[in-house]
Amino acid sequence: MCGRNVLKYKIHREGTNILIMLAVVLLALNFPVWLFLPPWILPAVLSALSVLVYCFVFNFFRCPARRYKGPRKNMVVSSVDGRVVVIERTREPEFIKGEALQISVFMSPINVHANWFPVEGRVAYVRHHAGRFYSAWLPKASTENERSTIGIVTPDGHRVTVRQVAGAMARRIVTYARVGEEAEFDEHLGFIKFGSRVDIYLPVEAIPLVRIGQIVVGDMTQLATLPGYKAVAPVNKTSV
């Protein structure tokens, strides 16, 4: 995992091979253009476009080193960077199997796409679902798109569902979480490649700490408190 790296940023392991292959392809395209297509204007334009493309992909796979410093017991922290698009009471039939509070965060292609654990506890359920690739903005994306579901049981017995949802651009969901392992803040549960969203389902008694449209930061912004939470420090000091 990259979250414990002493550097502020590094490249996520999911992007290493892609960046190497992209560099080879771009170099292979640019070399003959410079060699056989004078004047220099056309080759320069192609090279500039190649640099922009590479920088975009490089930026997508960046992996910031973060460590959550707030209260932990019965706290829910954002799994990802992005914008809150859903806060509503709904039904979660897969792991909670009942009424739940849903908080969803949409990630644009320019956001960090590493996914952190939103609560601490033990992973009790992991399942991947094949599906479509509708825009992640749409409500039906949660149930019809390709997705992975992770169920976590907190030390106080609360059941929390995390759903990685592929979007129109995202064509691969990577899930690191495994049944029986410990879920901890600062650790990655997975990665989604390009624009997508993450849905978090909480007990209906959970209290949201964010609002629709708010920008949140993975492993830093506090999303909600679970039943039994006792305030020991100001919340959401790290939200933006």
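The values are calculated or read from the model by the stated rules, or taken from the named source; none is laboratory data. Not measured: the values here are computed from a predicted model. Cβ coordinates were reconstructed from backbone atoms using ideal geometry, including for glycine residues, and neighbour counts include every protein chain displayed. In case anyone asks, the SASA skips ligands and DNA or RNA and just uses the protein heavy atoms, side chains included. Shrake-Rupley method; radii C 1.70, N 1.55, O 1.52, S 1.80 Å.
Quick check on region 56-65. Is at least one of its residues surrounded by fewer than 23 Cβ atoms within 10 Å (Cβ to Cβ), of a type in the set (Lys, Arg) and modelled with pLDDT under 95?
yes
Which ones in region 102-122 are surrounded by fewer than 22 Cβ atoms within 10 Å (Cβ to Cβ) and hydrophobic (A, V, I, L, M, F, W, C)?
Answer for region 102-122, where residues must be surrounded by fewer than 22 Cβ atoms within 10 Å (Cβ to Cβ) and hydrophobic (A, V, I, L, M, F, W, C): Phe106, Ile110.
Can you tell me which of (1) at pLDDT below 95; (2) surrounded by 14 or more Cβ atoms within 10 Å (Cβ to Cβ) is the one Tyr125 doesn't meet?
Result: Tyr125 fails condition (1) only.
For Ser47, state whether it is modelled with pLDDT of 75 or more, of a type in the set (Ser, Thr, Tyr), open to solvent by less than 40 Å² (accessible area, probe 1.4 Å) and over 28 Å from Ile200 (Cβ atoms). Before the answer, list the steps.
Numbers: modelled with pLDDT of 75 or more: yes; of a type in the set (Ser, Thr, Tyr): yes; open to solvent by less than 40 Å² (accessible area, probe 1.4 Å): yes; over 28 Å from Ile200 (Cβ atoms): yes.
Yes.
Report, by residue number, each residue of region 70-96 that is assigned to a loop (DSSP other than H, G, I, E, B), farther than 15 Å from Glu205 by Cα and either out of contact with any strand residue (DSSP E or B) (no Cβ under 6 Å at 6 or more places or on another chain) or not β-branched (Val, Ile, Thr) (or both).
Gly70, Pro71, Arg72, Lys73, Ser78, Ser79, Asp81, Pro93, Glu94, Phe95
Condition first: of a type outside the set (A, V, I, L, M, F, W, C) and open to solvent by 10 Å² or more (accessible area, probe 1.4 Å). Now tell me which residues in region 80-97 satisfy that.
Asp81, Arg83, Glu88, Arg89, Thr90, Arg91, Pro93, Glu94, Lys97
Which of the residues that make up region 150-174 are among the β-branched types (Val, Ile, Thr) and at pLDDT below 95?
Within region 150-174, Val165, Ile173, Val174 qualify.
Any idea which residue in region 97-110 is nearest to Thr161 (Cα to Cα), counting only those that are outside any strand (DSSP E or B) and touching a residue at least 60 places away in the same chain (Cβ under 8 Å)?
Residue satisfying both the conditions and the ranking: Ser108.
Does Val77 satisfy being at pLDDT 95 or above, within 21 Å of Tyr176 (Cα to Cα) and open to solvent by less than 50 Å² (accessible area, probe 1.4 Å)? Full working, then the answer.
Working: at pLDDT 95 or above: yes; within 21 Å of Tyr176 (Cα to Cα): yes; open to solvent by less than 50 Å² (accessible area, probe 1.4 Å): yes.
Yes.
Under 7 Å by Cβ, and 6 or more places apart or on different chains, what pairs join a residue from region 152-167 that is within 18 Å of Ile207 (Cα to Cα) with one that is acidic (Asp, Glu)?
Thr154/Glu120; Thr161/Glu92; Thr161/Glu94
Whether any residue in region 175-190 is assigned to a strand (DSSP E or B), hydrophobic (A, V, I, L, M, F, W, C), at pLDDT below 95 and closer than 16 Å to Ala114 by Cα is what I want to check.
yes
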